[in-house]
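First the structure, in the form of structure tokens, and then the observations on it.
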Amino acid sequence: MVKGENEILFNLQEKDGVVFNGCFLTPRIEEGAETLTFSFSSSSYFERPAPLFIADMILFKQLLPTKRGLGGALNRFRVLGSSFRFFSSSPETFVEIHSQEQEVVIALGSNVGNRLHNFNEALRLMKKSGINITRHACLYETAPAYVTDQPQFLNSAVRGVTKLWPHELLGVLKKIEKDMGRTAGIRYGPRPIDLDILFYGKFRVSSDILTVPHERIWERPFVMAPLMDLLGADVENDTVACWHSLSIHSGGLFESWEKLGGDCIIGKDGMKRVLPIGNDFWDWSLKTSVMGILNLTPDSFSDGGKFQSVEAAVSQVRLMISEGADMIDLGAQSTRPMASRISPQEELDRLIPVLEAILKMPEMNGKLISVDTFYSEVASEAVSKGAHIVNDVSGGQLDPNMTKVVAGLEVPYIAMHMRGDPATMQNSENLQYDDVCKQVASELYSRVKDAELSGIPVWRIIIDPGLGFSKKTEHNLELLMGLPSIRAEIARKSLAMSHSPVLLGSSRKKFLGETCTRPTASERDPATVASVTAGVLGGANIVRVHNVRDNLDAVKLCDAMLKYKRSLA
């Protein structure tokens with residue numbers, strides 16, 4: 001090996017006789033990132049079935065020039081899993097360099113076939129190939145760029161960790177694309193899946209086949225929007241700080257996003273956030289959705305025992321649909337304070353006959369069914385029968401299998417905040433808050449993060465602050481007025497999660513009765529309308545109510561006011 005002032009020259013020969021000649025420019029630190037430029041005189045390096053990624057090895061701080069006592073050129077090497085072993089002219093002298101786990105960002109795009117299925121399959125294959133997914137961005141439906149005469153795209157991105165070297169990672173992603181049916185085709189044209197490396201650890205990579213950071217990040221809103229989702233408003237670690245430093249703008253990635261228009265372009269210019277439900281993609285920014293409550297229990301606080309028969313339940317659903325409900329939430333287990341817990345089988349015995357009858361109603365065409373349960377067994381059976389959403393008041397705390405099961409069901413998951421369980425949630429130890437909005441946001445973040453690590457992408461998650469669950473009256477009032485604060489607190493750790501739809505469940509709750517002196521639950525509908533109004537104006541996207549008609553009027557008025565306000569901006 002000959003080392004000049006600015007470069008490292010090499011001549012390495014692999015065992016089958018292929019010789020590589022070239023040079024590495026001496027790696028240098030640039031704004032916190034290790035930067036490498038390299039070239040090879042033999043294109044066979046890139047054409048080999050399993051390239052030996054010399055360039056990848058040089059990225060790390062354990063660089064060959066720092067090693068002492070290596071007489072002669074390093075002229076033989078061997079790959080051992082994710083490590084390189086370089087031998088000098090003395091057979092007993094070698095340097096072994098192992099890959100280190102690196103945090104990566106990978107963008108996803110699809111506009112051919114079942115786009116969502118393509119995403120799910122790509123994520124499955126990535127996990128199988130040594131990429132551990134840790135964060136998901138929101139899901140975006142976008143107009144095609146560059147070549148406009150083609151179907152709309154779905155776009156998103158994920159963060160993960162891997163021990164794959166950069167070019168090895170590239171090879172894995174290209175193989176996934178090929179296995180999923182992608183061909184060369186037209187550049188920027190239709191494709192079943194597109195996987196791009198946006199960031200790899202703290203490093204810049206520049207070769208004939210790979211550039212990191214991806215060189216077109218800064219011009220593409222459909223890449224920048226999901227990339228921003230993977231960050232928090234607070235810079236969480238050195239790697240994320242480095243990603244900001246690699247931006248073409250001095251203000252980091254946040255400035256780069258703002259230069260493209262920032263969140264103001266979401267919902268405009270052919271780009272919208274969506275949540276997949278059934279065969280559709282729901283843009284929750286268009287209007288607030290109304291979820292009608294159907295309790296199939298003998299002991300619910302408001303209407304226990306009224307709708308236990310199939311006939312009574314069907315009649316009530318027909319009424320709520322006629323009044324304008326977008327969704328029906330079926331609950332076969334009471335979650336009121338001090339409620340006795342029933343078994344999954346008893347819950348199913350109440351639920352399934354009603355669910356099957358409702359699904360046969362022609363009025364349900366285009367409507368959604370949510371199942372209110374904290375049992376994974378009930379969730380699985382209900383979805384297999386046709387339910388579209390799982391609504392879990394415990395946020396995964398009462399059944400350790402819930403989030404893994406829902407991940408496999410591939411349906412939206414409503415994660416609600418609650419401490420304890422229905423029998424203990426109003427105990428004094430569960431009612432202690434210093435800052436209720438901040439603490440509810442933090443605890444919700446932790447539960448959604450656990451759900452995400454179980455395999456539920458953020459793009460399937462709806463959050464619920466849990467009014468009436470492990471809260472005093474003053475806590476509920478503060479949460480009702482503090483939805484923007486909850487989003488802002490979550491955004492410190494996850495911008496994607498802060499964009500999630502918010503469900504508000506204030507209907508006929510005890511805190512309304514205490515505030516308005518209405519001890520009977522059925523007398524709290526006017527107070528419910530007021531709470532719904534406050535919630536929608538504060539950013540709620542779904543309201544869960546008993547009285548659909550009156551609350552729908554409140555929702556329509558709030559939506560009209562918000563639309564008018566946006567038109568003035």
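The values are calculated or read from the model by the stated rules, or taken from the named source; none is laboratory data. As the structure is a computational prediction, the values presented were derived from the model and not from experiment. When we count neighbours, we look across all protein chains shown, and the Cβ atoms used for this are built from the backbone with ideal geometry, even at glycine.
Side notes on the structure shown:
- Applying the set (1) in a helix (DSSP H, G or I); (2) hydrophobic (A, V, I, L, M, F, W, C); (3) touching a Pro at 6+ places or on another chain (Cβ under 8 Å) to residue 477 leaves exactly one unmet item: (3).
- Options 378, 371: the member that is crowded, with 24+ Cβ neighbours inside 10 Å and under 17 Å from residue 317 (Cα atoms): 371
- Tally of residues being within 15 Å of residue 102 (Cβ to Cβ) and either of a type in the set (D, E, K, R) or under 24 Å from the mean Cα position of the chain (by Cα) (or both) across the range 136-165: 7
- The helices (runs of 4 or more DSSP H) found wholly in the range 274-387 and carrying at least 3 residues that are of a type in the set (Ser, Thr, Tyr) occupy 376-385.
Yes/no matrix, rows are residues, columns are (1) among the β-branched types (Val, Ile, Thr); (2) farther than 15 Å from residue 104 by Cα; (3) more than 23 Å from the chain's Cα centre (by Cα):
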| site | (1), (2), (3) |
| --- | --- |
| 221 | no, yes, no |
| 228 | no, no, no |
| 234 | no, yes, no |
| 245 | no, yes, yes |
| 249 | no, yes, yes |
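- Where a residue in the range 452-476 is at pLDDT 95 or above and its partner, wherever it lies, is acidic (Asp, Glu), with Cβ under 8 Å and at least six apart: 458/229; 458/452; 460/410; 461/452; 473/514
- Any hit, the range 286-305, residues being outside the structural domain of residue 537 (by TED's automatic domain parsing), without any contact (Cβ under 8 Å) to a residue 60 or more places away in the chain and among the hydroxyl-bearing types (Ser, Thr, Tyr): no
- A single member of 487, 508, 492, 460 is crowded, with 23+ Cβ neighbours inside 10 Å and within 27 Å of the chain's Cα centre (by Cα), and it is 460.
- Inclusion of residue 421 among residues that are among the acidic types (Asp, Glu), under 17 Å from residue 372 (Cα atoms), more than 13 Å from the chain's Cα centre (by Cα) and buried (at least 24 other Cβ atoms within 10 Å of the Cβ) is not warranted.
- The residue pairs whose first member lies in the range 338-357 and is among the β-branched types (Val, Ile, Thr), whose second member is surrounded by 14 or more Cβ atoms within 10 Å (Cβ to Cβ) and part of a helix (DSSP H, G or I), and whose beta carbons are closer than 8 Å, counting only pairs six or more residues apart or on different chains, are 352/381; 352/382; 352/385; 354/310; 354/313; 354/314.
- Test: residue 320 is in contact with a Lys or Arg (Cβ under 8 Å, 6 or more places away or on another chain) and under 28 Å from residue 346 (Cα atoms): no
- Conditions (1) modelled with pLDDT of 95 or more; (2) polar (S, T, N, Q); (3) surrounded by fewer than 23 Cβ atoms within 10 Å (Cβ to Cβ); number of the one not met by residue 334: (1)
Table: residues versus (1) crowded, with 19+ Cβ neighbours inside 10 Å; (2) within 31 Å of the chain's Cα centre (by Cα).
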residue: 278; (1), (2): no, yes
residue: 297; (1), (2): yes, no
residue: 311; (1), (2): no, no
residue: 324; (1), (2): no, yes
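- Neighbours by Cβ (under 8 Å, 6+ apart or cross-chain): first from the range 521-540, in a loop (DSSP other than H, G, I, E, B); second of a type in the set (Val, Ile, Thr): 539/502; 540/288; 540/502; 540/532
- Scan of the range 522-545 for residues that are within 24 Å of the chain's Cα centre (by Cα) and farther than 20 Å from residue 498 by Cβ, ordered by number: 544
- Scanning the range 114-141 for residues that are assigned to a helix (DSSP H, G or I), basic (Lys, Arg) and within 16 Å of residue 198 (Cβ to Cβ) yields no hits at all.
- Positions within the range 414-431 being assigned to a loop (DSSP other than H, G, I, E, B) and closer than 22 Å to residue 540 by Cβ, in sequence order: 417, 418, 419, 425
- Scope the range 135-182; condition modelled with pLDDT under 90 and in contact with a Ser or Thr (Cβ under 9 Å, 6 or more places away or on another chain); matching residues: 163, 164, 165, 166, 167, 168
- Flag if residue 467 is more than 18 Å from the chain's Cα centre (by Cα) and surrounded by 17 or more Cβ atoms within 10 Å (Cβ to Cβ): yes
- Any chance residue 406 is in contact with a helix residue (DSSP H, G or I) (Cβ under 7 Å, 6 or more places away or on another chain) and in contact (Cβ under 8 Å) with a residue 24 or more places away in the chain: yes
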